[in-house]
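The structure under discussion appears below in the form of structure tokens.
FYI, it's all coordinate maths here, none of it is from the lab. No experiment lies behind these values; they were computed from the predicted model shown. Glycine gets a Cβ as well: all are built from the backbone with ideal geometry, and neighbour counts include every protein chain shown.
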Amino acid sequence: DELDPEIQDDSELAIEGALRPGSLAEFIGQQKVRGQLQLLLDAARIQQRPPDHILLAGPPGLGKTTLAMIVAHESGRALRMSSGPAIQHAGDLAALLSSLTPGEVLFIDEVHRMARSAEEMLYLAMEDFRIDIMVGKGAGATSIPLDLAPFTLVGATTRSGLLPNPLRDRFGFTAHLEYYESEELEQVVKRSAAMLDIALPQPARAEIALRSRGTPRIANRLLRRVRDYVVVHGAGTANEVDPAIVDAALDLYDVDAIGLDRLDRAVLDGLIRRFRGGPVGLNTLAVTVGEEAETIESVVEPYLVRIGFMSRTPRGRVATPEAYRHLGIPHSDGALN
Ligand code: ADP
């Protein structure tokens with residue numbers, strides 16, 4: 001799926017890498033988090049120690065990986081990258097931790113998906129820069145303590161609620177990344193367009209920003225699709241690219257006028273037509289649209305809740321009147337009351 005924030009081919013990945021801001025100053029938006037990180041990095045520099053462990057929480061595409069790279073870069077430290085799904089045994093983590101050089105920044109993406117045994121090893125490593133390695137089995141098993149080089153863990157998660165408390169508590173600072181305002185996304189588009197040498201007038205940039213679902217990664221993706229459209233269909237000179245051309249390009253990719261994609265609309269449509277607007281449980285909803293519950297919960301829902309189209313109640317997910325209106329479904333048709 002072209003617009004899925006998680007899926008991309010190699011060339012898209014290369015472009016994404018090229019578009020990453022390299023410093024906190026270049027990082028657009030998230031002003032609060034930037035200030036907090038700046039203080040943390042400054043203090044570590046003054047005291048000549050590795051920065052505290054940092055947890056970055058928020059939906060995909062909001063800049064967690066980028067911030068991890070910036071933390072390493074701004075503190076002049078090497079960066080090692082891994083991810084929760086790649087750490088399926090405590091041994092995977094032991095190998096990773098014991099190979100770190102002093103002061104290195106270790107980025108673990110999707111840290112909530114690590115194996116439980118590795119999680120427990122990580123507690124001790126974060127706190128004391130030490131791990132216990134189990135050797136042998138059964139009655140003869142012993143644990144050998146191993147000292148580690150001091151390091152800074154930067155963990156990223158789309159679901160901070162899934163992290164066990166002991167792990168969450170060991171991060172010195174948790175940054176909650178918020179969806180971006182459209183003015184901020186407009187700046188992202190402007191910056192990326194300049195870097196990719198795409199001339200786009202302001203109204204076209206604003207239109208892309210409005211349809212980017214609050215997410216810089218999507219803004220960059222939509223920008224490239226608009227560029228493709230202009231290349232193929234020719235739109236006179238680039239300065240003539242108007243919002244109508246942006247509309248045409250994005251309609252082709254099923255991005256609607258407010259930036260909802262096919263899956264967002266399928267979830268709302270299912271909720272309204274199959275379950276009369278809810279309340280309905282997450283798993284039932286996921287089955288209805290043929291998608292993993294985790295994707296619905298970490299990618300689809302947060303945005304629909306944020307724009308006021310869905311609410312979470314103790315009895316399940318509920319569609320709001322705004323959602324009915326957006327899909328053009330009369331409220332009395334679907335709702336019980
Ligand atoms: P995450 O790790 O949260 O999924 P990334 O850090 O990979 O997100 O960011 C996705 C893309 O969005 C990157 O290409 C990056 O260039 C861009 N991006 C994210 N946040 C910003 C920002 N604040 N300013 C400019 N570009 C950003």
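Could you compute the net charge surrounding residue 64? Neighbours are other residues with a C-beta less than 11 Å from the C-beta of residue 64; K and R count +1, D and E count -1.
On the way: positive: 217; negative: 109, 110.
Local charge sum for residue 64: -1.
Packing here is the average count of other Cβ atoms within 10 Å per residue, and on that basis the peptides 22-28, 103-109, highest first, run 103-109, 22-28.
In square nanometres, what is the average projected area of the Cα convex hull of region 260-326?
On the way: hull surface 15.1 nm².
Averaging across all directions leaves 3.8 nm² for the Cα convex hull.
A Cα-only calculation for region 119-262 places Rg and Dmax at 24.0, 78 Å. Counting Cα-Cα pairs of region 243-299 in 10 Å increments starting at 0 gives whole-percent bin shares of 23, 44, 24, 10.
Sorting the segments 34-42, 116-124 by their mean number of nearby beta carbons within 10 angstrom, highest to lowest, gives 116-124, 34-42.
Quick one: pull the percentage of alpha-carbon pairs in the chain with a separation above 28 Å. Here the tail beyond 28 Å accounts for 50 percent of pairs.
Sum -39500 (n - 2.57) across every DSSP H segment of at least 4 residues in the chain, then divide by the residue count to get the 222 nm mean residue ellipticity, nearest 500.
Numbers: 15 runs with 151 residues, N = 337.
So the helix-based figure for the chain works out to -13000 deg cm²/dmol.
Under Stokes-Einstein, with the Kirkwood radius over Cα pairs as Rh, the value for region 212-337 at 25 °C and 0.890 mPa s is 155 µm²/s. Short-range pairs are left out: with C-alpha atoms under 8 Å and at least six residues apart, the relative contact order of the chain is 15 percent.
On a C-alpha basis, how far is the centre of region 111-165 from the centre of region 56-96 in Å? Whole number, if you could? Cα centres, region 111-165 to region 56-96: 15 Å. Between residue 244 and residue 86, the simple spin-label model (points 7 angstrom out along Cα→Cβ) gives 4.9 nm. Normalising the Debye intensity of region 6-143 to I(0), with uniform scatterers on Cα atoms only, and taking log10 at q = 0.17, 0.22 Å⁻¹ returns -1.05, -1.49.
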